[in-house]
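Asks: The structure that follows is given in the form of structure tokens.
The values are calculated or read from the model by the stated rules, or taken from the named source; none is laboratory data. Predicted, not measured: the structure shown is a model, and the values here were computed from it. Neighbour counts are summed over all protein chains in view; Cβ atoms, including those assigned to glycine, are modelled from backbone coordinates with ideal geometry.
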Amino acid sequence: MSATPIRLFLHTYSFRFRLMHDPAFTIIDLLDRCVADGNPGIGLNVNGPGYRFLGGDDPAHIAMVADAIRARGLEIDVETSGTDPVHLTRLLDLAERLGAGHLRTYTRHEGERAHVLDATIADLVEIGPVAEDRGIPVLLENHEEFTGVEVARILERVDHPFVGALYDYGNSMMLREDPLEALDAMLPWTRKAHLKDHVVMHGMVCGAPSGEGVLPIAEITRRLLDAGMGRIAFENVWSYTCGFRPREDGLPEADPSSPIFAPWEDPGDPAFFLPDVQAEVGRDPARVIALEEESYRRAQARVDAMLAEIGADRA
């Protein structure tokens with residue numbers, strides 16, 4: 001039996017500390033790392049000044065990066081936040097210049113839940129035709145604001161072929177929604193996914209090397225591939241943290257006794273999780289960069305083993 005193909009993109013978040021704190025390491029270096037590690041594409045987060053990990057917003061720089069992506073035979077997806085149609089139109093223009101296949105976003109509306117939902121839906125209804133004109137689907141992520149159930153409800157109301165979903169393996173945890181429940185709800189709209197791993201420590205959700213946490217990454221990956229969805233970004237989220245938030249979609253919270261939500265003791269392994277990582281960046285950025293690299297390599301080995309276990313093959 002032939003292996004199921006998977007297009008495992010490298011996500012910039014996996015090297016966020018090096019990109020931010022090693023001036024010698026640029027987006028071009030990350031593209032080369034992407035090729036060296038056998039990834040067919042890159043997930044590029046452009047949130048922030050100067051388009052963040054793109055490394056600048058000058059048109060000549062953008063054109064240079066686009067040329068570098070093409071020269072290496074890579075694919076790219078662009079990631080932003082906010083659903084304001086003016087903002088998303090500008091980012092669709094950027095995505096088009098870079099040759100991107102998708103533009104990921106999540107809501108930044110605040111206030112009463114009904115307002116947040118309605119405003120997000122109105123924005124996405126407006127941006128759908130623009131995305132179609134550019135030929136680049138806009139993908140709404142179950143980030144830290146919506147459960148997977150809410151994302152599905154939003155996209156059902158938007159009902160546009162160029163507005164879909166990006167399923168994140170772990171983000172539903174913050175809203176006490178089981179990741180498999182989120183996947184079941186979102187799967188009909190899902191065009192891409194973020195592969196990551198989490199544990200619950202210190203009273204919050206903490207990022208761990210992929211394959212070393214509690215998320216059922218093999219089962220999630222298998223379900224995505226069985227549904228024909230093989231575009232997945234490897235987003236190692238070492239030392240990421242997020243507090244819990246109330247679930248507001250009208251459904252019950254996940255069973256707190258579930259292994260996914262059971263509290264862990266911090267193992268004291270800094271390549272697994274480094275408490276107060278931002279303070280350590282201020283003290284010793286080189287150490288943080290080295291730990292990030294160690295965590296990534298551990299995660300990479302476990303993800304490759306997981307793919308072999310489920311019969312998937314990097315395409």
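Asks: Determine which member of the set E219, E253, E248 is under 27 Å from T190 (Cβ atoms) and free of Cβ contacts under 8 Å to residues at least 60 places away in the same chain.
Replies: E219
Asks: Just give me the residues in region 152-196 being over 15 Å from L224 (Cβ atoms), touching a Leu at 6+ places or on another chain (Cβ under 6 Å) and assigned to a helix (DSSP H, G or I), in sequence order.
Replies: V158
Asks: Now a separate question. Being in a loop (DSSP other than H, G, I, E, B) and either over 22 Å from R247 (Cβ atoms) or more than 21 Å from the chain's Cα centre (by Cα) (or both) is the filter here, so list the residues in region 83-128 that pass it.
Replies: Scanning region 83-128 gives D84, G99, A100, G101, H102, E110, G111, E112.
Asks: From the list P270, P275, P285, which one is surrounded by fewer than 16 Cβ atoms within 10 Å (Cβ to Cβ) and touching a helix residue (DSSP H, G or I) at 6+ places or on another chain (Cβ under 6 Å)?
Replies: P285
Asks: Right, next: Which residues, counting only those in region 197-220, are under 18 Å from L180 (Cα atoms), of a type in the set (A, V, I, L, M), touching a strand residue (DSSP E or B) at 6+ places or on another chain (Cβ under 7 Å) and outside any strand (DSSP E or B)?
Replies: V214, L215, I217
Asks: I'd like the residue in region 221-246 that is among the β-branched types (V, I, T) and part of a strand (DSSP E or B) and, out of all such residues, is farthest from the chain's Cα centre (by Cα).
Replies: Per the stated criteria, the residue is T241.
Asks: Follow-up. Within region 36-50, does at least one residue satisfy the condition of being buried (at least 17 other Cβ atoms within 10 Å of the Cβ), part of a helix (DSSP H, G or I) and modelled with pLDDT of 95 or more?
Replies: No, that holds for no residue.
Asks: Kindly list, by first and then second residue, each pair from a residue in region 295-312 that is on the phi < 0 side of the Ramachandran plot and modelled with pLDDT under 95 to a residue that is surrounded by fewer than 16 Cβ atoms within 10 Å (Cβ to Cβ) and of a type outside the set (F, W, Y), limited to pairs with Cβ atoms under 7 Å and residues at least 6 apart or on different chains.
Replies: A312/A3
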